[in-house]
Amino acid sequence: MCELINFMQLSPDEAEMILAWRNDKRVAKFMKTKFISRESHFKFLQNLKDGGDKRYFLVKDGGYVGVIDFTNITDESCEFGLYANPELKGVGKILMSAVLKYAFEILGVEELRACAYKGNAAALGLYEKFKLLPCGEDEEFLYLKITQNSYNTAKGNS
């Protein structure tokens, strides 16, 4: 079972590791902000408030697997993001399972949304496997969502 480490409880080494992952070219190419300075990373960590409308977690499953985040959290919905430890392959299923479980079973939202660059075939394939459906697009991004009912139905069939 994977463990979620809240960004507000990160050790200094974990915080540095996440910054290195986030700025790794294999991760950064699929981010809206391509580079994050050490100063802005640590300022961001300091400014995270417990609860609120955003939560960030380091995912551990044996070793450190990746990061998941939830933003714009309301009673009804939230958005999520994720990225894997760039040294690992094939951990998307672990990260996506953690996202769905947290959003629907802990936060209790009715709808979970994401966006991915249209050229990010790995993310789009992962989201499709987990039954996220397209709900919009623009020039750069495909927007996707899954509802609590779809999650419960898929979970019941697995």
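The values are calculated or read from the model by the stated rules, or taken from the named source; none is laboratory data. Predicted model, so just to flag it, every value in this text is computed and none were measured. Please note: Cβ atoms are built from the backbone with ideal geometry, for glycine as well, and neighbour counts cover all protein chains shown. Only protein heavy atoms, including side chains, enter the accessible area calculation; ligands, DNA and RNA are left aside. Shrake-Rupley method; radii C 1.70, N 1.55, O 1.52, S 1.80 Å.
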Averaging the inverse of every distinct alpha carbon separation and then flipping it gives the Kirkwood radius. What is it for region 44-121, in angstrom units? 13.3
From the phi of every residue in region 26-31, what ³J(HN,Hα) in whole Hz does the Karplus formula 6.51 cos²θ - 1.76 cosθ + 1.60 yield, where θ is phi - 60° and glycine or proline is x? 5, 9, 4, 4, 9, 9
Compute the Rg/Rh shape ratio of the chain: radius of gyration over Kirkwood radius, all on alpha-carbon atoms. 0.94
Would you give the gap between the C-alpha center of region 104-158 and the C-alpha center of region 41-60, rounded to a whole Å? 22
Pop the C-beta distance of residue 121 and residue 53 into the FRET formula with R0 = 35 Å and round what comes out to the nearest 0.05. 0.70
DSSP-defined antiparallel bridges as percent of all bridges, the chain, nearest 5: 90
Mind listing the phi-derived Karplus ³J(HN,Hα) values for region 110-123, rounded to whole Hz, using 6.51, -1.76 and 1.60 with θ = phi - 60°, and x for any glycine or proline? 8, 9, 10, 10, 8, 9, 9, 4, 4, x, 8, 4, 5, 5
Accessible area expressed per residue, the chain, with surrounding protein chains retained (probe 1.4 Å, Å²): 57
Using only helices, what value at 222 nm comes out for the chain when you add -39,500 (n - 2.57) per DSSP H run of length 4 or more and divide by the total residues, to the nearest 500 deg cm²/dmol? -9500 deg cm²/dmol
Residues listed by number, region 75-93, amide nitrogen under 13 Å from residue 44 label point at 7 Å toward C-beta: 81-83
Residue 152 to residue 93: extension gain in nm, 0.36 nm per residue of separation minus the Cα-Cα distance? 19.5 nm
Fraction of accessible area attributable to carbon and sulfur, the chain (%, probe 1.4 Å): 52
